[in-house]
Amino acid sequence: PGSTFKIVTAIAALRYLPNAQSRTFTCTGVMAFEKQSGKRVDASLALDEDGNAKPGYALLRDVDGEAHGELTLEEAFAHSCNNIFAGIALELGADKLKAVAEELGLNGEFNFGELVAYSGTYEKSASAFALAWSGVGQHTDIMTPMHMCLLVSAIANDGVMMAPRLLYEATTAEGAVVRTLESAAYKTLLKGDEATFLQNCMRAAVVEGTGKRAQIEGYTVCGKTGTAEVSASGNAAPHAWFAGFIAEEARPYAICVVIENGGGGGTVAAPVAQAVLKKAISSIGD
């Protein structure tokens, strides 16, 4: 899932880190780890004169090595800061992050009658290096587009996940409606003001962060981008993700776009999400 998984990490922070919404976090642009043990070390020990990793060390960086400095959780979410979300994962610990992931449906199954949707999988990390990467949606994290869409729709729906339906409407040859979509709540995923906070984070990501290309004039679009690295050698382009929704009662549409080996989530998937949501607005109408 790449950075779209930061939605899960952010929810875990809200549940387990005191004052998560108001405190600030620090991004220095790089984290360093021992390759063999996976233990985190001071970056000064791991970097050579050119800023590359010395033999025996591995680095976790933000895009282009950018150092964001002091950010709130909402700001870190909007700018998709790897360092801060990796640090949150380390502060939480593997057990808590795994527990929240499972509360959100990972390692489970969605049986909705009309369809069975595979959920994602989240493995407990065995080292600090693995845990840090899992917090930003890498390592062995897996999520399906349907699961991610259900998750962001629950955020839009004040925490309640709705059961997906395949049939919108059935009519006779003469046009008489014989069956229409019946909405049904599946599970309450979010607690207290978690949904409201995530709505604000996802709105900030589209207004001023990595999801700007999903903006639609006249509509309130919220979302999260992801650029999922799928090749250790770098020979394959990353998967481009965007998951989000229109935050309006009259246009209650959620979407998840995944373009395999497409590139960056913000540059590739977000514009596709914008185009599809525009089409939904014009096609479905009032």
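Considering the dipole of the chain built from charges on the beta carbon (Lys and Arg +1, Asp and Glu -1) around the Cα centre, which of 261, 65, 126 is farthest to its positive end?
With unit charges placed on the Cβ atoms, the residue in question is 126.
Report ³J(HN,Hα) in whole Hz for each residue of region 13-28, in order, from the Karplus equation J = 6.51 cos²θ - 1.76 cosθ + 1.60 where θ = phi - 60°; Gly and Pro get x.
4, 4, 7, 10, 9, x, 6, 4, 6, 10, 6, 10, 10, 10, 10, 9
What size of dipole, in debye to the nearest 20, comes out for the chain about its Cα centre when the only charges are +1 on Lys and Arg C-beta atoms and -1 on Asp and Glu C-beta atoms?
240
Whole number in Å², please: accessible area per residue of region 230-286, 1.4 Å probe, ligands, DNA and RNA not counted.
That works out to 50 Å² per residue.
Just to confirm, what accessible area per residue do you get for region 10-75 at 1.4 Å probe, in whole Å²? List each step's numbers first, then the result.
On the way: 3820 Å² over 66 residues.
Each residue of region 10-75 exposes 58 Å² on average to a 1.4 Å probe.
Could you state the accessible area per residue of region 94-191 in Å², with a 1.4 Å probe and every protein chain left in place?
It amounts to 51 Å² per residue over region 94-191.
Residue 144's amide H: which non-local residues (gap 5+, or another chain) put their own amide H closer than 5 Å, with H modeled 1.01 Å from N in plane and none for Pro or chain starts?
120
Leaving out ligands, DNA and RNA, what percent of the accessible area of the chain is carbon and sulfur, probe 1.4 Å?
The nonpolar share, carbon plus sulfur, comes to 49 percent.
What ³J(HN,Hα) values, in whole Hz, does the Karplus curve 6.51 cos²θ - 1.76 cosθ + 1.60 give for region 189-205 when θ = phi - 60°, with x put for Gly and Pro?
Here the 3J(HN,Hα) series is 9, 10, 10, x, 9, 4, 4, 4, 4, 5, 4, 5, 4, 6, 5, 4, 4 Hz.
Give the separation of the Cα centroids, region 182-229 to region 72-142, in Å.
17
What would the Debye equation give as log₁₀ I(q)/I(0) for region 51-206 at q = 0.09, 0.14, 0.17, 0.21 Å⁻¹, counting only Cα atoms as equal point scatterers?
Evaluating at q = 0.09, 0.14, 0.17, 0.21 Å⁻¹ gives log10 I(q)/I(0) of -0.40, -0.82, -1.11, -1.45.
Please name which of 271, 233, 161 has its Cα lying farthest along the dipole of region 144-279 towards the positive end, using unit charges on Cβ (Lys, Arg +1; Asp, Glu -1) and the Cα centre as origin.
Value computed over the given set: 233.
If each of residue 96 and residue 233 carries a label point 7 Å out from its Cα toward its Cβ, how far apart are those two points in nm?
Between residue 96 and residue 233, the simple spin-label model gives 4.0 nm.
Please check: in the Gaussian network model of the chain (C-alpha springs, under 10 Å), which one of 152, 136, 41 has the largest mean-square fluctuation.
With Cα springs under 10 Å in the chain, the top fluctuation among 152, 136, 41 is at 41.
Over the chain, what per residue volume does the convex hull of the Cα atoms give, in whole Å³?
136
How much length, in nm to one decimal, is gained on full extension between residue 47 and residue 207, taken as 0.36 nm per residue of separation minus their Cα-Cα distance?
Gain in length upon complete extension: 54.1 nm.
About the Cα centre of region 83-223, how large is the charge dipole given +1 on each Lys and Arg Cβ and -1 on each Asp and Glu Cβ? Please answer in debye to the nearest 20.
200
Which value, in Å² rounded to 10, gives the accessible area of residue 104 with a 1.4 Å probe and all protein chains present?
Approximately 0 Å² of residue 104 is accessible to the 1.4 Å probe.
Restricting to DSSP loop positions (anything but H, G, I, E, B) with no more than 10 other Cβ atoms inside 10 Å of their own Cβ, which GluC sites (Glu not before Pro) remain in region 208-250?
Sparse-neighbourhood loop GluC sites (Glu not before Pro): 217, 249.
The values are calculated or read from the model by the stated rules, or taken from the named source; none is laboratory data. This structure is a prediction, so every number in the text was calculated from the model and none was measured. Cβ atoms come from the backbone with ideal geometry, glycine included; neighbour counts cover every protein chain shown. Ligands, DNA and RNA are stripped out before the accessible areas are found, and what is left, the full protein with its side chains, is counted by its heavy atoms. Shrake-Rupley method; radii C 1.70, N 1.55, O 1.52, S 1.80 Å.
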